1. Restricting attention to the stretch 26-67, report how many residues are away from ligand 2 (no atom under 13 Å from the Cβ), charged (D, E, K, R) and under 28 Å from residue 161 (Cα atoms).
2. Can you give me the number of residues within the stretch 91-111 that are touching a Pro at 6+ places or on another chain (Cβ under 6 Å) and either buried (at least 19 other Cβ atoms within 10 Å of the Cβ) or closer than 15 Å to residue 48 by Cβ (or both)?
3. Could you list, in sequence order, all residues of the stretch 110-143 that are touching a Lys or Arg at 6+ places or on another chain (Cβ under 6 Å) and acidic (Asp, Glu)?
4. Please verify whether the stretch 36-46 includes one or more residues that are of a type in the set (Ser, Thr, Tyr) and part of a helix (DSSP H, G or I).
5. Scan the stretch 1-28 for residues that are within 15 Å of ligand 1 (Cβ to nearest atom) and outside any loop (DSSP other than H, G, I, E, B) and jot them down.
6. Quick check on the stretch 29-42. Is at least one of its residues out of contact with any helix residue (DSSP H, G or I) (no Cβ under 8 Å at 6 or more places or on another chain), touching a residue at least 60 places away in the same chain (Cβ under 8 Å) and of a type in the set (Lys, Arg)?
Amino acid sequence: MKRRSALLVVDVQVDFCPEGALAVPDGDQVLAPLNRYLDLFSEASTPVFASRDWHPPASKHFRENGGIWPPHCIQGTAGAAFHPRLRFPEGTIVVSKGMADWDDGYSAMAGVTENGTPLTMLLHRMALDRLYVGGLATDYCVKETVLDALKEGFAVTLLTDAMRGVDVQPGDSHRAAKAMLEAGAEEASFDSVLSAL
Ligand code: VGL
Ligand code: ZN
């Protein structure tokens, strides 16, 4: 059966790019390949979702409250904005996550739209069952999003050239990619996506 696809761009926000509050090494390197994918998918009328880390000013996710991260992506701040060089098409659906002070919010599947609709529910309602996923960071939000999506029965294709990891421990991103593939994700290049659409 042919699957109905969506593109999910995970957390490409100012704070995760160089000079941001929680900069992912080479995080801005995802911009060019993602823009290429965004053009391709919007030309094919594929729905586009953009998740964002959207934390309250005090969160147990942050170091000062027992978490492991410096404060980042605080709701409404400049650092929480999508990177200005990302060209989201009109109609892109924004999904916010990590909004409660007890919530790490790593998985975009647990995020909600501006109307409060959970992403998973919306994907089912739109009859979308394959997700193409890229963004930041490979070893946290991309990984948790992909593992959740696979558990929920979605097919997932990793846009490997359009993601980067934090690598708190060297090799974390590599291990994350391996875990996602072992859980059933597929990998794609620009050309393979082009012929699959
Ligand atoms: C993320 C660390 C903390 C991510 C979010 O988007 O991968 N990583 N918060
Ligand atoms: Zn976060």
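1. The total comes to 5.
2. Count: 0.
3. Matches in the stretch 110-143: 129 only.
4. Yes, the stretch 36-46 contains a residue that is of a type in the set (Ser, Thr, Tyr) and part of a helix (DSSP H, G or I).
5. 8, 9, 10, 13, 14, 15, 16, 27, 28
6. No, the stretch 29-42 has no match at all.
Residue by residue, here is whether (1) loosely packed, with under 12 Cβ neighbours inside 10 Å; (2) more than 13 Å from ligand 1 (Cβ to nearest atom); (3) at pLDDT below 95 holds:
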residue: 58; (1), (2), (3): no, yes, no
residue: 64; (1), (2), (3): yes, yes, no
residue: 68; (1), (2), (3): yes, no, no
residue: 74; (1), (2), (3): no, no, no
residue: 82; (1), (2), (3): no, no, no
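Yes/no matrix, rows are residues, columns are (1) under 30 Å from residue 44 (Cα atoms); (2) exposed (fewer than 14 other Cβ atoms within 10 Å of the Cβ); (3) of a type in the set (Asp, Glu); (4) away from ligand 2 (no atom under 14 Å from the Cβ):
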| position | (1), (2), (3), (4) |
| --- | --- |
| 77 | no, no, no, no |
| 114 | yes, yes, yes, yes |
| 121 | yes, yes, no, yes |
| 134 | yes, no, no, yes |
| 141 | yes, no, no, no |
| 149 | yes, no, no, yes |
| 159 | yes, no, no, yes |
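The values are calculated or read from the model by the stated rules, or taken from the named source; none is laboratory data. The structure displayed is predicted, hence computed values, not measured ones. No Cβ is skipped: glycine too gets one built from the backbone with ideal geometry, and neighbour counts run over all protein chains shown.
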